Amino acid sequence: MGYISKKQREEIKQKFDGLCAYSGTPLEDDWQVDHVKPLVRNWFDGTLVFPDAHCKENLIPCQKIINHYKGSLDLETFRNWYLGGLHERMDKPKKPRTEKSKRKKEYLQKVASYFGITPTKPFHGTFYFESVGK
């Protein structure tokens, strides 16, 4: 599977009835297709580390910012490290002084909002696609 056509994108979107497979929130207009098992390429020749990762079963719809935040992480690292500790990171610094720090804080708060994470409420540990069994 190479290029994803408009028809295939629509099929992927409908896998979860127009909801983000990670957060369960309605997909925004700029939603993206994500690989649950990431596409990772060898730096020396560009070949895929996991050639089976680019298949229909591995593709899910997600919010653009969530896809960006996940990057090329595997699912457990994303769940446990990035989302598991997000509630601790999102409140730092308390008073950002630079524009870069302000943007980073806003970015983390937006990601957190999709999962209902607050500084006092950590990620519950289950992605939407796991809770609906698809």
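Measuring from a point 7 Å past the Cα of residue 64 along Cα-to-C-beta, which residues in segment 17-39 have an amide N at less than 15 Å?
27-34
In straight Cα distance, which lysines are under 23 Å from residue 15, not counting same-chain residues fewer than 8 positions off?
Of all the lysines, those that pass the test against residue 15 - Cα under 23 Å, at least 8 places apart if same chain - are 6, 7, 37, 56, 64, 70, 134.
Taking the simple approach of a point 7 Å from Cα along Cα-to-Cβ for both residue 10 and residue 45, what is their distance in nm?
Label at residue 10, label at residue 45, 4.0 nm between them.
Taking Cα atoms, how many degrees apart are the long axis of helix 99-115 and the longest axis of the chain, rounded to 10 and kept between 0 and 90?
Long axis of 99-115 versus the principal axis of the chain: about 60 degrees.
Can you sort 131, 113 so the residue with the fewest Cβ neighbours within 10 Å comes first?
Going from sparsest to densest Cβ surroundings: 131, 113.
Mind sorting 124, 35 by how few other Cβ atoms lie within 10 Å of their own Cβ, fewest first?
Result, fewest neighbours first: 124, 35.
Is any residue of segment 61-95 close enough, with backbone N under 17 Å, to a label point placed 7 angstrom from the Cα of residue 121 along the Cα-Cβ axis, and if so, which?
Zone members listed by number: 83-91.
Please give the Cα centre distance for segment 64-103 versus segment 28-63, rounded to the nearest Å.
20 Å
Checking the cross-link filter: which aspartates and glutamates have an alpha carbon closer than 20 Å to that of residue 95, excluding same-chain neighbours under 8 positions apart?
106
Rank 3, 84, 33 by how far each Cα sits towards the positive end of the charge dipole of the chain (+1 on Lys, Arg Cβ; -1 on Asp, Glu Cβ) and give me just the farthest.
The Cα lying farthest towards the positive end belongs to 84.
Students often get this wrong, so try it: which of (i) 17.3, 58; (ii) 16.0, 47; (iii) 14.1, 43 is Rg and Dmax of the Cα atoms in Å as calculated from the structure shown?
Among (i) 17.3, 58; (ii) 16.0, 47; (iii) 14.1, 43, the one derived from this structure is (ii).
Cut-off under 19 Å on the C-alpha distance; same-chain residues fewer than 8 positions from residue 121 excluded. Which lysines are left, in chain and number order?
Filter leaves 92, 94, 105, 110.
Name the residue from 62, 72, 109 whose Cα lies farthest towards the positive end of the charge dipole of the chain, charges +1 on Cβ of Lys and Arg and -1 on Cβ of Asp and Glu.
Toward the positive end, the furthest listed residue is 109.
At 7 Å along Cα-to-Cβ for each site, give me the label-to-label distance between residue 132 and residue 77 in nm.
Between residue 132 and residue 77, the simple spin-label model gives 2.8 nm.
Size of the dipole of the chain about the Cα centre, Lys and Arg at +1 and Asp and Glu at -1 on the beta carbon, nothing else charged, in debye to 20?
Charge dipole of the chain: 720 debye, to the nearest 20.
Since every read-out is calculated from the coordinates, none of them should be taken as a lab result. Since this is a predicted model, take the numbers as computed values, not measurements. Ideal geometry is used to build each Cβ from the backbone, glycine not excepted, and the neighbour counts take in all protein chains shown.
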